[in-house]
Amino acid sequence: MNNQDYKAALDRITNWMQSYEARLDLTNVLPSTQPGDVYKLVNECAPNHGEEIDTILDDFEKFIVPNMTHWQHPMFFGYFPANASRPSILAEMLMSTIGAQCMLWLTSPAAAELEERMMEWLLDLLDLPQDWHGVIHDTASTSTFIALLTARERATNWKSNSDGLSSLPQMRIYASEHIHSSIDKAARYAGIGEANVTKIKTQADGGLDPLELAQRIRADKAAGILPIAVIAAFGTTGTGAIDPLDEIGRTCSAENVWLHVDAAYGGTAMMLPDIRSLAGHLTQADSYVFNPHKWMFVNFDCSAFFVKDKESLLKTFALTPEYLKTQLEGEVNDYSNWGIALGRRFRALKLWFVMRSFGKSGLRDKLHLHISLAKWIEKHVKQHPNLEIFTQVDFGLVCFFVSDASLSMEQENSLTKSVLENLNASKQIFLTHSKQDGRFFIRMSIGATNVTKQHVETAWEMIRAEVATVLA
Ligand SMILES: *Cc1c(COP(=O)(O)O)cnc(C)c1O
């Protein structure tokens, strides 16, 4: 591509970017795509001769954009947000242009040092223990896997790294019954085994029962099983429930078990003092993960991982082959030694752009807005004769279901499901669901960058109308 074509394409793309954002509100949040539609539209193999970039961009607009689920749409209330923002998008474009590999300090000094600073900014912004050390990974799943491997190595004195697992006792980890599936996955590939993930039952507030946890750990030790780690949630995926972190921390310290806190979604709200206080001291946690790529206006991917004992982490992961050796080892942060991947993207740039462009107050204002909108929905659900709140609202997530004294839970489940399916079938709104203790409920997660009171009011009108239709 020559200079002139590149310049023209850049102009076209920046125009498209602005108009996409402006048109989003007028577009459906969900596409009408059927399975196989896009596959059939795309040629069977790569072209023999290069094509004009304008032709490729035409096809992008024709084939790709109309067949996307629009995650940045203000009527996107599904899952958890993965909210993008303008400063983050600009940083992504710059880092793609530089195209650096940020595995060692030497391969990108500015990336390594900006990452170190950004992790310190996050500790300050979120009021986390100042002696933690941070590193950016791609996802919370990776961060949790890294935490679990470090916990396993520390508990086995780095025996599994050197000799494999065969000579080791049976190992076990502990988490609430509502913990994220990434914990079961991590147990699978850490060689601990899914059967050795002990699920602790939860209490009325959704947090795990700390007494049962302590009993299970002690009973396992007495039976010759090696407890490796507890994974506690600050904001479960299903309902945003919070485990009693201080009590869990005391048990972990007393029993010498690694405590990893999964705050993938809820962690962003730590920047609000009211919510920060729900997490307790956190000083007994050994590691902690939260995703700026969920609710902090940083484009996917960006997962912030913190660890107290940096030496254990490095002892688990550092392995420098001859061709990567530098004179600076030990003096600087070579972040590929802090995790699994060797190659690393320059993700710190997005954090720097976002935190500077919004400022602490701008970020807090957005979160306040989202949480107040969630509480507004909660209030209306509570006042509705045929809707019920499933769990209390701490974050931007509202969980609710259709209820009626004359109906069984199965009937309520099936009506709730119909409400959800009909709303999503309109393609103008997107909500998702979960199920706990046999109860099917709708999850409305409010956190899109450009969501306003008006969008949430429109959503509430749609929900109300649909509930009336389904009950009629
Ligand atoms: C979203 C989520 C995860 C997984 O996050 P990824 O970055 O997609 O791996 C893990 N734990 C919780 C509590 C989550 O909400």
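The values are calculated or read from the model by the stated rules, or taken from the named source; none is laboratory data. Note that the coordinates shown come from a computational prediction; the quantities given were computed from them, not determined experimentally. Positions of Cβ are backbone-derived with ideal geometry, glycine not excepted, and every protein chain shown enters the neighbour counts.
Miscellaneous remarks
- Conditions (1) within 17 Å of Cys102 (Cα to Cα); (2) at pLDDT 95 or above; number of the one not met by Ala318: (2)
- All of Ile225, Ile248, Ile231 fail the test of being over 20 Å from the mean Cα position of the chain (by Cα), crowded, with 24+ Cβ neighbours inside 10 Å and either farther than 19 Å from Ala269 by Cβ or more than 16 Å from the ligand (Cβ to nearest atom) (or both), apart from Ile248.
- Within the range 131-151, residues that are at pLDDT 95 or above sit with their Cβ atoms under 7 Å from residues that are basic (Lys, Arg) and part of a loop (DSSP other than H, G, I, E, B), at 6+ positions apart or across chains, in these pairs: Asp131/Lys308; Trp132/Lys308; Ile136/Arg347.
Residue-by-condition table, conditions (1) of a type in the set (S, T, N, Q); (2) at pLDDT below 95; (3) at positive phi:
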| position | (1), (2), (3) |
| --- | --- |
| Val381 | no, no, no |
| Leu387 | no, no, no |
| Gly396 | no, no, no |
| Val402 | no, no, no |
| Ala405 | no, yes, no |
| Gln411 | yes, no, no |
| Leu415 | no, no, no |
| Leu423 | no, no, no |
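- When we screen Ala214, Ala233, Ala241 for residues that are more than 22 Å from Thr391 (Cα to Cα) and not acidic (Asp, Glu), the only hit is Ala214.
- Residue list for the range 18-59, filter: more than 30 Å from Ala425 (Cβ to Cβ), among the hydrophobic types (A, V, I, L, M, F, W, C) and either in a helix (DSSP H, G or I) or in contact (Cβ under 8 Å) with a residue 24 or more places away in the chain (or both): Ile53, Ile56, Leu57
- Check on Pro87, in a loop (DSSP other than H, G, I, E, B) and either of a type in the set (S, T, N, Q) or surrounded by 13 or more Cβ atoms within 10 Å (Cβ to Cβ) (or both): no
- Filtered residues of the range 335-358 (kept if within 22 Å of Ser287 (Cβ to Cβ) and among the basic types (Lys, Arg)): Arg344, Arg345, Arg347
- Selection within the range 335-347: residues that are part of a helix (DSSP H, G or I) and touching a strand residue (DSSP E or B) at 6+ places or on another chain (Cβ under 6 Å). The member of this set that is nearest to Ile89 (Cα to Cα) is Tyr335.
- Every residue from the range 446-470 that is part of a helix (DSSP H, G or I) and either β-branched (Val, Ile, Thr) or at pLDDT below 95 (or both): Val456, Thr458, Ile463, Val467, Thr469, Val470
- Selected residue (criterion: surrounded by the most Cβ atoms within 10 Å (Cβ to Cβ)) from residues of the range 98-148 that are within 16 Å of the ligand (Cβ to nearest atom) and under 22 Å from Glu329 (Cβ atoms): Ile136
- Looking across the range 292-307 at every residue that is aliphatic (A, V, I, L, M) and assigned to a strand (DSSP E or B), the one that is farthest from the ligand (Cβ to nearest atom) is identified as Val307.
- Taking first residues from the range 448-472 that are over 13 Å from His380 (Cβ atoms) and partners that are of a type in the set (Lys, Arg), the Cβ contacts under 9 Å between residues at least 6 apart in sequence or on separate chains come to Thr449/Arg86; Thr449/Lys366.
- Screening Val261 against (1) over 23 Å from Thr432 (Cβ atoms); (2) crowded, with 24+ Cβ neighbours inside 10 Å; (3) more than 11 Å from the ligand (Cβ to nearest atom) leaves a single unmet condition, (3).
- Subset of the range 150-170 (residues that are farther than 14 Å from Ala229 by Cβ and touching a Lys or Arg at 6+ places or on another chain (Cβ under 8 Å)): Trp158, Ser167, Leu168
- Condition check for Thr268: within 15 Å of the ligand (Cβ to nearest atom) and assigned to a helix (DSSP H, G or I): yes
- Subset of the range 271-291 that is in a loop (DSSP other than H, G, I, E, B), away from the ligand (no atom under 12 Å from the Cβ) and at negative phi - its residue that is surrounded by the fewest Cβ atoms within 10 Å (Cβ to Cβ): His281
- Sole exception among (1) touching a His at 6+ places or on another chain (Cβ under 7 Å); (2) within 24 Å of Leu149 (Cβ to Cβ) for Leu314, by number: (1)
- Filter pass, Glu44 being touching a Phe, Trp or Tyr at 6+ places or on another chain (Cβ under 9 Å), more than 16 Å from the ligand (Cβ to nearest atom), modelled with pLDDT of 95 or more and farther than 26 Å from Leu423 by Cα: no
- Complete set of residues in the range 167-191 that are away from the ligand (no atom under 11 Å from the Cβ) and either surrounded by fewer than 23 Cβ atoms within 10 Å (Cβ to Cβ) or of a type in the set (Gly, Ala, Ser) (or both): Ser167, Leu168, Pro169, Gln170, Glu177, Asp184, Ala187, Arg188, Tyr189, Ala190, Gly191
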